[in-house]
Structures are given as C-alpha cells and as structure tokens.
Amino acid sequence: MTRHFSETEVVAILDDLNPARLRSFVAARVVTPVQTPQGNAFSEPDLARLQLLCDLSEVYDLPDDALTMVMSLIDQLNTARGDMRALIQAVATEPDEVRGRIMTYVRSVRVTGKG
C-alpha cells in the first residue's frame, strides 16, 4: 500500500518547502497530489520530486515556468529510459541472428547519423 502525506506533513518533512511554495508547485502542475476527503495527499515519489523542485529553485534560482520546463524534460528523459530498458529486454529475447542484425544497424546509424 502506498503511503500518502498531507500538506502539513510534507512541509514538515522537507526543510526548504513552505505551504505557499507547495501550493505554487501544485498550481504549476509540476507535482500532482491525489485528492482525498482531507485534502491534497502526496506519495513518497512526490516528496522526492518536491525536494528536487526545491533544490532546483534554490540552487539555480529558477522561476516556476522554468521549473515546469525542466521537470517536463526530466519526465521525458525518464520515459525514454523506461522505453529503452523495455526495448533492450525485448531485443535480448530475440535469436542471435536478429540481435546481430540490430547491432549492425545501430552501429551504422552511429557512424552515419542516418537511420
């Protein structure tokens, strides 16, 4: 079962987060809490994301619109990594001949830059 944290708990856990900043991250849709009868609730991955948001906004002094763009790029990268992992697993199940053809093709694309 996934544990969820209230807004009050999240602010208490994350040193760099205050209620106003949390509300601005939610309003900017860079973190999406689940709605409960008690209000917004955040998962452990949400806490990690909020910590990253706080770090990015503090260290790089990024405004909310830039944070939105950075988080979108991070999300895209994570999706691509997952897709690549699945593709690698799928290729690993193929016969040696097929894997050899795939590797030959990948090497040619790396050299020529054309697919």
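The values are calculated or read from the model by the stated rules, or taken from the named source; none is laboratory data. All values reported here derive from a predicted model rather than from experimental measurement. Cβ: placed from backbone, ideal geometry, glycine included. Neighbour counts: every protein chain shown. These area figures cover heavy atoms from the full protein model, side chains too; ligands, DNA and RNA do not enter into them. Shrake-Rupley method; radii C 1.70, N 1.55, O 1.52, S 1.80 Å.
What does the C-alpha gyration tensor say about the overall shape of region 61-115? Classify as rounded when a/c is under 1.5, otherwise prolate if a/b is larger than b/c, or oblate. Since a/c reaches 1.5 but b/c is at least a/b, the shape of region 61-115 is classed as oblate. Computed extension gain for GLU94 through GLU9, at 0.36 nm per residue and net of the alpha carbon distance, reaches 25.8 nm.
The structure shown yields volume of the Cα convex hull per residue in Å³, and of the options (i) 103; (ii) 89; (iii) 159 that calculated value carries the label (iii).
Bin width 10 Å, origin at 0, all Cα-Cα pairs of region 1-63: what percent of pairs per bin? P(r) for region 1-63, in whole percents per bin: 22, 61, 15, 2.
Placing unit charges on the Cβ atoms of the charged side chains and taking the dipole of the chain about its Cα centre, the candidate lying farthest along the positive direction among THR79, ASN18, LEU47 is THR79.
Taking PRO37, PRO45, PRO63 in turn, the Gaussian network model of the chain (Cα-Cα springs below 10 Å) assigns the largest fluctuation to PRO37. Placing dummy labels 7 Å off each Cα toward the beta-carbon, the span from ASP64 to ALA20 is 1.2 nm.
Here the simple spin-label model places points 7 Å from the Cα toward Cβ, and for VAL109 and ASP55 these points are separated by 3.1 nm.
Note on the chain: with charges restricted to the Cβ of Lys and Arg (+1) and Asp and Glu (-1), its dipole about the Cα centre is near 680 debye. Just the protein heavy atoms count here, and of the accessible area of the chain at 1.4 Å, carbon and sulfur take up 57 percent. State whether region 38-79 is rounded, prolate or oblate according to the following rule on the C-alpha gyration tensor (a ≥ b ≥ c being the square roots of its eigenvalues): a/c under 1.5 gives rounded; otherwise a/b larger than b/c gives prolate, and the remaining case gives oblate. Oblate, because a/c is 1.5 or more while a/b does not exceed b/c.
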